[in-house]
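Asks: Dropping the structure in here first, questions after.
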């Protein structure tokens, strides 16, 4: 019988970075569990409730799942209420939020796997805080959280798997590209870095064949996406960036550091973002000789950068700088700086003595963000509950306008009457008690 070496247990050294990495994961999970609620907000009405309406009237499931909303075809958003309604007869905003949260955790572990170091390090801690703490803000918006998380995750997975050998990863890359494309229209952009990587590495075995196949598959997806596409005339032209170039630059600086939103005033964020870009460009120039420009990280970073430029081109015409700090865009800003950190930290010439200072700065900023977010999310959830109570008792109160959708009352009452929407029980109980006392009927206007 083999003797157990008890000394091996005493030699085990716990990794403090592993413990620190799980702190933002815990903060993120806490936000999801505390603030997610089965109360829709803004686009949740046409995307979640609207899915049920389309199920009742559409001739096929494809009409429901590939329905165009604004310029997007939101398969990953529609499919969750589609499945829960088909299987159980109800929809719940929290189901989408929970699925999105799982994708966020998957995205963290994927990004962490891209490092050339031990499983957990200061870079891991920085990635976790940069990505997951701001992501907690999206837990109150079911559709917004799913669309952007799925686009980033599957777009990056598509590019990453194109760099691997074998036909299994290639098929998975094509599947991920399909999912990213039908999460948001910007998911289509994943084709460009993917094709570019294959072109750069054309001399490698089977690359020419993979290039032809992936280019053809991308062309099919692009064609399918724009088949019967309805262009939105109400949105400003993307060429607005040329009419207001200074404003467009400010918008880019804000959206690329959007995870600072709500914590620091806009003028200060502009200064920080400008200085951060200057330092980043300086590092890239200084250590360019040690950077491997054929590294897949560059092509994944390009995908994130293209998404940022698309946001600027699509939204700058609204002439609102605060919009650049929207919760839904923060995943792009976080990933932009995460890839910058990954590329630089993988360089042999990178001054690793700077990492503790940089890591500490990231942790402190995001700890402050989590404290600020807790207050903001608490207030937001309370306003949602007040808005729903206004709808339930059919009072003409300003609270109801917080939903931001003119048909909110109709969506909610229809869902309750048909039995597929069940508001939070505590709100229903409060409404029931008030209805009995005041004899207010529970029916649509």
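Values in this text are rule-based calculations from the coordinates and carry no lab data. Computed from a predicted model, the values in this text were never measured in an experiment. Positions of Cβ are backbone-derived with ideal geometry, glycine not excepted, and every protein chain shown enters the neighbour counts.
Asks: Taking 0.36 nm per intervening residue step and subtracting the Cα-Cα distance, what contour gain separates residue 59 from residue 196 on full extension?
Replies: 45.4 nm
Asks: Determine, from the Cβ-Cβ distance of residue 323 and residue 26 and an R0 of 22 Å, the FRET efficiency 1/(1 + (r/R0)^6), rounded to the nearest 0.05.
Replies: That pair, residue 323 with residue 26, gives E of 0.10.
Asks: Can you compute the FRET efficiency between residue 208 and residue 249 using 1/(1 + (r/R0)^6), with r the Cβ-Cβ distance and R0 = 25 Å? Round to the nearest 0.05.
Replies: The computed FRET efficiency comes out at 0.05.
Asks: What are the extents of the Cα atoms of the range 118-233 along their three principal axes, listed from largest to smallest and rounded to whole Å?
Replies: The Cα atoms of the range 118-233 stretch 49, 42, 22 Å along their principal axes.
Asks: To continue, here is another question. For the residue pair residue 15 and residue 175, what label-to-label distance in nm results when each label sits 7 Å from Cα along the Cα-to-beta-carbon direction?
Replies: Inter-label distance under the simple model: 2.8 nm.
Asks: Suppose R0 equals 30 Å. What FRET efficiency, 1/(1 + (r/R0)^6) with r the Cβ-Cβ distance, do residue 164 and residue 33 give to the nearest 0.05?
Replies: Once the sixth-power term is evaluated, E becomes 0.25.
Asks: By how many nm would the segment from residue 83 to residue 284 lengthen if fully extended, with 0.36 nm per residue of separation less the alpha-carbon distance?
Replies: Once the chain is fully extended between residue 83 and residue 284, it gains 67.7 nm.
Asks: Kindly rank 265-275, 304-314 from highest to lowest mean number of other beta carbons found within 10 Å of each residue.
Replies: Output ranking for 265-275, 304-314: 304-314, 265-275.
Asks: Which peptide among 142-149, 68-75 comes first, and what is the full order, when sorted by highest mean count of other Cβ atoms within 10 Å?
Replies: 142-149, 68-75
Asks: What area, in nm² and to one decimal, does the C-alpha convex hull of the range 31-381 cast on average over all directions?
Replies: Its average projected convex-hull area is 18.6 nm².
Asks: Given points 7 Å out from each Cα along the Cα-Cβ axis, report the residue 277 to residue 109 separation in nanometres with one decimal.
Replies: 3.6 nm
Asks: Want the number for residue 378 to residue 226: 0.36 nm per residue separation, take away the alpha-carbon distance, what's left?
Replies: Length gained between residue 378 and residue 226: 50.7 nm.
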